[in-house]
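Notes for the one structure printed next.
The values are calculated or read from the model by the stated rules, or taken from the named source; none is laboratory data. Every value quoted in this text rests on a predicted model; they were computed, and no experiment measured them. Because the Cβ atoms are built from the backbone with ideal geometry, glycine has one as well, and the counts that use them run over all protein chains shown. Just so you know, the surface numbers come from the protein's heavy atoms only, side chains and all, with ligands and any DNA or RNA stripped out. Shrake-Rupley method; radii C 1.70, N 1.55, O 1.52, S 1.80 Å.
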Amino acid sequence: MRTVFFTVLTFFTLAACVCTAQVRLPQLISDGMVLQRDTKLNLWGWASPGEHISIKFNHQTSKIIADAAGNWKATMLPIKAGGPYQMDINASNHIVIENILIGDVWFCSGQSNMVINMERVKERYPNDIATADFSQIRNFFVSTASDVRSVHKDLPPAKWISANPTDVLTFGAVSYFFARDLYLKYHVPIGIINSSVGGTPIQAWTSADGLKGIPKYADRLAQLKDTAYLNRLQNPAKPAIEQKAGIKQPDKGLSGELKWYEVNYQPKDWHKFWLPGYWADQGIKGLNGVVWFRKEIQVPARMAGKPAKLFVGRIVDADDTYVNGVKVGNITYQYPPRRYTIPARVLKAGNNLIVVRVTNTSGKGGFVPDKRYELTDDTTTIDIRGDWQYKVGQVFDLAKEAIKAIAPFSAQNEPAGLYNAMVAPVINYPIKGFVWYQGEANTSSPKEYNQLLPALINDWRTKWNNAELPFLYAQLPNFMEVQYSPSESQWAEVREAQLHTLSVPNTGMAVVIDAGEWNDIHPLNKKDVGDRLALAAEKVAYGEKQLVSSGPIFQSATVEGNKIVIRFTGVGSGLMIKDGTQLNQFAIAGADKKFVWGNAIIDGERVVVASEDISSPMYVRYAWADNPEGANLYNKEGLPASPFRTDSQ
């Protein structure tokens, strides 16, 4: 974006005035932006009170005057998809905005699974990255900002970026696959505004107005309006217990003359450890602290001296990783995969040493199973799983009470805390619709989600002044350990709340119960999520009414003798069993609600469930678990059925 002053003389003689008089634009209105087609366009910004502003864009001219507070807003008539265009803004300064496209803009939001970018999944989707040459797919990533005191006028600094094999690595993976599907089908520019923050609850994304009808959060918002109370939260006095909490000894691995990662260090009194695994399961009970792990591997001569990649799975929590005494990487928290580049000349033929220093402050520390643990130069691969050695370097004294006492206040977890800073500044920007991927942070109170998700939808539609805006969302995927008997599940309850939200008009849900990983809250399969959200968009937002955009969705259940007959919408061209000969994950119960696994069969467009142990069935559940392994009811279009239960109705 170019800013040009009318004359050098004006600049030098009226510098102070010009600084205040210059027209300023919000972050979104900038080079490379995508504007929403076929709707009135809003342009806005700030200037001196009474400033005269002229905007020329695509054969339209708008002249406005800034109000007494210096705010201004212009409206342009709807424009068909196309571009690139240029916009000229003239006032006391001249602004040129270049490379503007007109297409469809999607506001994509949620927590970490919406944040995770293509770089994080690049090993899974190398061809998708290599072929990401789409100048008309553009991403605007909103940096994290939060505020419970006031609503912000603008977003943190950012810019629009086009999809190419390099820059696509910064795109959210779900939103990129979503946008690519729509672009390839409709051939109109697609803009993504990705405003997401990991680990955040839905109430933080909802405005104070949107939470008025939910007493728990309305009361909290009232508390936060008390300046003295908020100051105490943000600047707490350090409790005495904090002085007692902390480290009682230094890390032995870093204290000696030879550090434990050095190749000349001779290990003594180290113990055996099978990697991957958690140290609580292998002889170190109840320890929070630092544990060192080491393994010697044999590297063939053909790998010696070459750069390579070391994959150390996923580690709980933090790590520092060394190869032959050279630090090749570190990550400070548990969720990212460890993928470290080993520089040239570090590896040698024969014996090589890998050392991993793991720091853990709560729960089970160690190496997450079923991840990638290997050394590779893309030609030769060495499996590093198996026998390692370990030794405790440091023990922490971190009582639970101490951790709670010193836990900092976080505005991004408070009601409206993210709305104020990361949503409110966008509401003037016309969009095609919303894409939402969130819920993990609310699984401890799943029943609330029945109220919170519809409240968010209504709130955002109200703020954008469009009650019909499509709202698409991903249902929570499978996660955590498999439960082999019918059981209760808070994750399943959140999925149920998401399922019920389909009753809100102009909504679409992507069922991704098959796209998770038992040991990772951030599964790598982001393409299926994006693809299924795009299918929902095609039906809800683009009018493809005959499109089968979803798998089977529970419609009704009827007791017929000793059987329960279930009917569905979203049957498509028929029900099918995926990867098996019999249906799994159907449970049945009588009046006592004691569920047992049922025998389920497909009967036309119905599923019939029965059990020899339940002579008078009343209730049925499907895939009702944190991780319902083997849930295999699909339609013939290849889309999975949503989990459901009938005993809550």
Subject >> Two-decimal log10 I(q)/I(0) for the range 165-226, as the Debye equation yields it once each C-alpha is a single scatterer, q = 0.14, 0.22, 0.29, 0.30 Å⁻¹ >> reply: -0.63, -0.90, -1.23, -1.26
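Taking the solvent-accessible surface of protein heavy atoms with a 1.4 Å probe, what is the per residue accessible area of the chain in Å²?
Roughly 44 Å² per residue, with all protein chains present.
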Original post:
So which lysines pass the test for residue 364, namely a Cα distance under 26 Å, with those fewer than 8 places away in the same chain ruled out?
Top reply: 244, 248, 252, 259, 268, 272, 285, 295, 327, 391, 400, 404
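Run the numbers on the chain and let me know its relative contact order in percent, using alpha-carbon pairs under 8 Å that are six or more apart.
13
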Original post:
Which of the aspartates and glutamates could be linked to residue 80 by a straight reach, that is with a Cα gap under 13 Å, when you skip same-chain ones fewer than 8 residues away?
Top reply: 38, 104
Subject >> Cα-based convex hull, the chain, per residue volume (Å³, whole number) >> reply: 212
Original post:
Counting only protein heavy atoms, what percent of the accessible surface of the chain is carbon or sulfur at a 1.4 Å probe?
Top reply: 51
Subject >> 30 Å Cα-Cα threshold exceeded, pairs from 159/463; 122/348; 371/447; 122/432 >> reply: 371/447
Original post:
Out of the DSSP beta bridges found with both residues in the chain, what percent are antiparallel (nearest 5)?
Top reply: 80
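Rank these residues by their accessible area, most exposed first, probe 1.4 Å: 637, 481.
Correct descending sequence by accessible area is 481, 637.
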Original post:
Where does the chain land at 222 nm, in deg cm²/dmol rounded to the nearest 500, when only DSSP H runs of n ≥ 4 count, each adding -39500 (n - 2.57), divided by all residues?
Top reply: -4500 deg cm²/dmol
Subject >> Burial ranking of peptide ranges 223-231, 157-165 (average Cβ count within 10 Å, highest at the top) >> reply: 157-165, 223-231
**OP:** Can you find, among 634, 95, 434, the residue farthest towards the positive end of the dipole of the chain? Put +1 on the C-beta of Lys and Arg, -1 on that of Asp and Glu.
**Re:** 95
